[in-house]
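The values are calculated or read from the model by the stated rules, or taken from the named source; none is laboratory data. Quick caveat: nothing in here was measured; it's all calculated off a predicted structure. FYI the Cβ positions are ideal-geometry reconstructions off the backbone, even for glycines, and counts take in every protein chain you see. The protein model used for the area step is the full one, side chains on, heavy atoms only, and it has no ligands, DNA or RNA in it. Shrake-Rupley method; radii C 1.70, N 1.55, O 1.52, S 1.80 Å.
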Amino acid sequence: QVQLVESGGGLVQAGGSLRLSCTASGRTFSRLFMAWFRQAPGKEREFVGVISTRDESTKYADSVKGRFTISRDNAKNTVYLQMNVLKPEDTAVYYCAADPITWDTSGKVYDYWGQGTQVTVSS
């Protein structure tokens, strides 16, 4: 079992920045693919980005590419989502997800999910 706890959400003005954290426990963190998803009210869950295990390569949704950066600190069992140049349309609950085997952009493969953290961007 893996427990994921997100933090760092809040209210920010458009153009501002936030950094979300997701701390994992219960399994070797370095072997987990770690992803971020978000869900806005009335909308489906949306892939934000993912970071792999060995080479820590990343992949992002087009909507956040160039503005968001995912990184991981295996010593702290934590993955980060640095969000810059935030827009009102980034408003959502942000979730981290983990899987020891693979990753995808649909969210269907991830075995573990956090409880989510709210990000609100005001215009």
Keeping all protein chains in place, calculate the accessible area per residue for the stretch 1-87 (probe 1.4 angstrom), answer in Å². 53 Å²
Using a 1.4 angstrom probe on heavy atoms only, work out the carbon and sulfur share of the accessible area of the chain in %. 46 percent
Over all viewing directions the Cα convex hull of the stretch 1-68 casts an average projected area in nm² of 5.8 nm²
Virtual paramagnetic centre 7 Å along Cα→Cβ of residue 87, amide N under 20 Å, in the stretch 15-51: 15-20, 36-50
Starting from the stretch 29-104, pick out the GluC sites (Glu not before Pro) whose DSSP state is loop and whose Cβ has at most 14 other Cβ atoms within 10 Å. 44, 56
Sorted by accessible surface (1.4 Å probe, heavy atoms of the protein chains only), largest first, 43, 87 come out as 43, 87
For the stretch 2-18 and the stretch 89-123, write down the distance between their C-alpha centroids in whole Å. 12 Å
Relative packing of 92-103, 14-25, which averages over residues the other C-beta atoms within 10 Å, highest first: 92-103, 14-25
